[in-house]
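*Asks:* The structure that follows is given in the form of structure tokens.
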Amino acid sequence: MRYFSTSGIILRKQNSGENDFFLTLLSPEHGRLQATSRSSRKITSLKGPHLDPLNYGTFQLYRSGDRYTLTECQIENTFPVIKADLEKSLYGLTICEILLKSIQDNQENQELFQLFLRTLERLESSDQNHLTLEEFKIKLLKNSGSWPDIGVCNYCQQRWQADDDIWIDRIGNLNCLDCRHLNHDKLDSTSFDAVKLANFLAEYTTDQIKLNIKPTQLFDLQKITGIFLTNYLHCELKGEKILPSVS
Ligand SMILES: [Zn+2]
């Protein structure tokens, strides 16, 4: 199949040569797909104006060896609300950064694609930007098998109770106050409310639910997801440092 068609979302657009764009897409069937879009930077180009990051649509490609060329595209959603709002754009680009660091070529992952699309639709339509990002991180980690059961103390295996002091180390081990002396890593405190919220976001899709979340709960949640994500990606995120703070 030298010519083929796939749905996709643009993650990155880079200039290439004099008139070309080099695009990175997430496709449900092909994972990361990198393709050249020839002459798209010319003013007369029909494709050029449609090739912005976050745009979702159907892409026709031509394959030659391991190189892909974009021949046509039909964009279905440009997410205009996200693009017109600086804060939402930063959230969108942070999600792209996470995906660019975690996805690989030729890896079918329908679930991850649907997660990305649903996350953008949610960012477009809801005010809960921060929660949307945290839910995305947890579901991405779960999809990659990097989200463990955090409902118990790692040492004594006790299920958390509402008044527990909970501690987390740099690789994501959680421990209770009684087991604190067993963990020799640097510890940070987190809360029962944040752990409960993290478990909820790992299990349920919250698109239709209006959650009432305290800023401290979101702050502690961000600590937990940050630790697991840094360990999974083996690096820190640049984009996230410029996002608005939650508390
Ligand atoms: Zn314990």
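The values are calculated or read from the model by the stated rules, or taken from the named source; none is laboratory data. A quick note: this is a predicted structure, and the numbers were derived from the prediction, not measured. Every residue, glycine as well, gets a Cβ built from its backbone with ideal geometry; the counts of neighbours run over all protein chains shown. Only protein heavy atoms, including side chains, enter the accessible area calculation; ligands, DNA and RNA are left aside. Shrake-Rupley method; radii C 1.70, N 1.55, O 1.52, S 1.80 Å.
*Asks:* In segment 14-47, what residues are touching a residue at least 24 places away in the same chain (Cβ under 8 Å), of a type outside the set (Asp, Glu) and open to solvent by 70 Å² or more (accessible area, probe 1.4 Å)?
*Replies:* Matches in segment 14-47: Asn15, Arg38, Arg41.
*Asks:* Let me ask something else. Using the structure shown, decide if Ser125 is open to solvent by 30 Å² or more (accessible area, probe 1.4 Å), in contact with a helix residue (DSSP H, G or I) (Cβ under 7 Å, 6 or more places away or on another chain) and of a type in the set (Ser, Thr, Tyr). Let's see the steps before the verdict.
*Replies:* Numbers: open to solvent by 30 Å² or more (accessible area, probe 1.4 Å): yes; in contact with a helix residue (DSSP H, G or I) (Cβ under 7 Å, 6 or more places away or on another chain): no; of a type in the set (Ser, Thr, Tyr): yes.
When the stated conditions are applied, Ser125 does not pass them.
*Asks:* Just checking, how many residues over segment 1-59 are over 17 Å from Asn106 (Cα atoms) and of a type outside the set (S, T, N, Q)?
*Replies:* 22
*Asks:* Still on this structure, please answer the following. Of all residues being of a type in the set (A, V, I, L, M, F, W, C) and open to solvent by 80 Å² or more (accessible area, probe 1.4 Å) in segment 57-109, which is nearest to Arg32 (Cα to Cα)? Just the residue, please. If you could, list the steps in order and put the result at the bottom.
*Replies:* At the first step, the residues of segment 57-109 found to be of a type in the set (A, V, I, L, M, F, W, C) are 59, 61, 70, 73, 75, 79, 81-82, 84, 86, 90, 93, 95-96, 98-100, 103.
Those still in the list that are open to solvent by 80 Å² or more (accessible area, probe 1.4 Å) too: 84, 86, 93.
Values: Ala84: 26, Leu86: 26, Leu93: 16 Å.
Checked segment 57-109; the qualifying residue nearest to Arg32 (Cα to Cα) is Leu93.
*Asks:* If you go through segment 48-66 one residue at a time, do you hit one that is in contact with a Pro (Cβ under 9 Å, 6 or more places away or on another chain) and either farther than 30 Å from Lys241 by Cβ or aliphatic (A, V, I, L, M) (or both)?
*Replies:* no
*Asks:* Regarding segment 102-115, can at least one residue be identified that is in a helix (DSSP H, G or I) and modelled with pLDDT under 95?
*Replies:* Yes, the conditions are met somewhere in segment 102-115.
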